[in-house]
Amino acid sequence: MKGLFLTLEGIDGAGKSSHIDALEALFKARGRQVTRTREPGGTPIAETLRTMILTQPMDPLTESLLVFAARRDHIVRVIEPALARGEVVLCDRFTDATFAYQGAGHGFDTAVLSALEQWVQGRPLQPDITLWFDLSPELAAERLAGARLPDKFESQPVEFFRRVAAGYAQRAAAASRFVRIDAGQSRDQVWQQIEAALAARGLMGSR
Ligand SMILES: Nc1ncnc2c1ncn2[C@@H]1O[C@H](COP(=O)(O)OP(=O)(O)OP(=O)(O)O)[C@@H](O)[C@H]1O
Ligand SMILES: [Mg+2]
């Protein structure tokens, strides 16, 4: 069985985490082993870096280096071994988020991000499919209000998320692995879009 690398992307509050349980259940019901993980994070080192990245102010290059350092550890220890075992890897955010947040959101040089991506992802390692949860920043903020305390990124103004969303749109336009999910719809409708996208790409396998 060939490994499948699926990433979930979109601004804070877009609904990524809300659908990862169902995705795991869907693939397991089809007999697949599933490794479920997230970025920044997914290993002890990367989770330590995550805490630093999400809580401490730092200059954009430092932040990008830490994000890619965490990613390197995550790829080597978790993602590549799982794919080599033929598993489905479900990853809540990956490199597209770095281009959207550090690049489009904070205006950091995307040429530097591309260079880091080459270094860290080598061959290159890219997702097979990326579910892009597209939601307006206003609706996302409404959904997040009261849900939890905001981290360093979540407390950014709505203009920041507009730039992040535009960054995702730009990435999505450039790669066929992206599936745009209209995340403004109800949970059921969002899930139907996800199932339809997986089926259309022949990724559901047989039961
Ligand atoms: N389709 C939907 N309709 C209404 N509310 C939703 C929908 N999907 C998710 N929510 C709610 O919106 C909030 C944000 O969802 P979720 O935590 O899944 O977003 P996220 O993309 O994982 O955000 P983050 O990047 O901050 O982790 C949650 O309170 C969730 O219950
Ligand atoms: Mg989440």
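The values are calculated or read from the model by the stated rules, or taken from the named source; none is laboratory data. Worth saying up front: this structure is predicted, and the values here are computed from it rather than measured. Here Cβ is always computed from backbone atoms with ideal geometry, including for glycine, and neighbour counts include all displayed protein chains. Each accessible area value is taken on the protein alone, full model and side chains, heavy atoms only, with ligands, DNA and RNA left out. Shrake-Rupley method; radii C 1.70, N 1.55, O 1.52, S 1.80 Å.
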Open item on the list: So, L125, is that one assigned to a loop (DSSP other than H, G, I, E, B) and in contact with a Leu (Cβ under 9 Å, 6 or more places away or on another chain) or not?
Closed with: yes
Open item on the list: Here is a list: V120, V89. Which entry is within 25 Å of D73 (Cα to Cα), part of a strand (DSSP E or B) and away from ligand 1 (no atom under 16 Å from the Cβ)?
Closed with: V89
Open item on the list: Please pick out the residue among Q126, Q102, Q56 that is of a type outside the set (A, V, I, L, M, F, W, C), touching a Pro at 6+ places or on another chain (Cβ under 7 Å) and either in contact (Cβ under 8 Å) with a residue 24 or more places away in the chain or open to solvent by less than 30 Å² (accessible area, probe 1.4 Å) (or both).
Closed with: Q102
TODO: For the stretch 2-18, indicate whether the set of residues that are open to solvent by 60 Å² or more (accessible area, probe 1.4 Å) and modelled with pLDDT under 95 is non-empty.
DONE: yes
Task: Meets criteria (assigned to a helix (DSSP H, G or I) and within 17 Å of the chain's Cα centre (by Cα)) for A69 - done: yes
Open item on the list: For a quick check of your reading of the model, give me the residue pairs whose first member lies in the stretch 76-89 and is touching a residue at least 12 places away in the same chain (Cβ under 8 Å), whose second is assigned to a helix (DSSP H, G or I) and not polar (S, T, N, Q), with beta-carbon atoms closer than 8 Å and at least 6 apart or on different chains.
Closed with: V88/F27; V89/V78; V89/I79; V89/A82; V89/L83
Task: Test set (1) farther than 30 Å from K2 by Cβ; (2) open to solvent by 70 Å² or more (accessible area, probe 1.4 Å) - S176 fails condition number - done: (1)
- [ ] Could you identify the single residue in R187, R148, R162, R143 that is open to solvent by 70 Å² or more (accessible area, probe 1.4 Å) and closer than 10 Å to I11 by Cα?
- [x] R162
Task: All positions within the stretch 19-53 that are in contact with a strand residue (DSSP E or B) (Cβ under 8 Å, 6 or more places away or on another chain), within 16 Å of ligand 1 (Cβ to nearest atom) and either open to solvent by 70 Å² or more (accessible area, probe 1.4 Å) or not small (G, A, S) (or both) - done: H19, I20, L23, E24, R36, T37, R38, E39
